[in-house]
1. Can you give me the C-alpha center-to-center distance between the range 92-125 and the range 23-65, rounded to a whole angstrom?
2. What is the sum of charges around residue 33, taking Lys and Arg as +1, Asp and Glu as -1, for the other residues whose C-beta is under 14 Å from the C-beta of residue 33?
3. Using a Förster distance of 30 Å, how high is the FRET efficiency between residue 87 and residue 8, based on the Cβ-Cβ distance and rounded to 0.05?
4. Give the cross-link partners of residue 94 among the lysines, using a straight C-alpha distance below 19 Å as the criterion and excluding same-chain residues fewer than 8 apart.
5. Normalised by the residues of the chain, what does the relative contact order come to in percent, with Cα pairs under 8 Å and at least six apart?
Amino acid sequence: MDIELIYKEESYQIIGICIEVHKILGKGLSEAVYADAIEYELLTHNIPFKRECPYKIEYKDIILPHYYYADFVIDEKIILEVKAIESLTKSHSKQIINYLSASKLRLGLLVNFGEDMLNTKRIIR
């Protein structure tokens, strides 16, 4: 059975950028530093994105005063969440699922720069 990946080319390009950033910067820096480098690469590759994109949270018939802030929303299709921690947990995946739900987007990429090798996860809503 052939499984079609959602936004295959776009996600490969984004993960490739993250691999390049990890290769150059290594591990041990803050999330903000990695995000700055990713922003540079996205601009260099002419990939449209928004950084620190807020999403409203609906509760019953109101919008709550606090928002979700996705690290990056790329091409209005993909949420990219950047971490720089020892290892990813299930709660990080749940965070992306919540972002996808709030944004109505279908694909989230979770990348962790805090490990020896870049750790990436595709999360589909």
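1. Taking the Cα centre of each part, the range 92-125 and the range 23-65 sit 12 Å apart.
2. -2
3. So the FRET efficiency works out to roughly 0.70.
4. Leaving aside lysines fewer than 8 places away in the same chain, those within reach of residue 94 are 56, 77, 83, 104, 121.
5. Worked out over the chain, it gives 24 percent.
Here, each number is a calculation from the coordinates, and none is a lab measurement. This is a predicted model, so every value here is computed, not measured. Cβ sites come from the backbone with ideal geometry, for glycine too, and all protein chains shown count toward neighbours.
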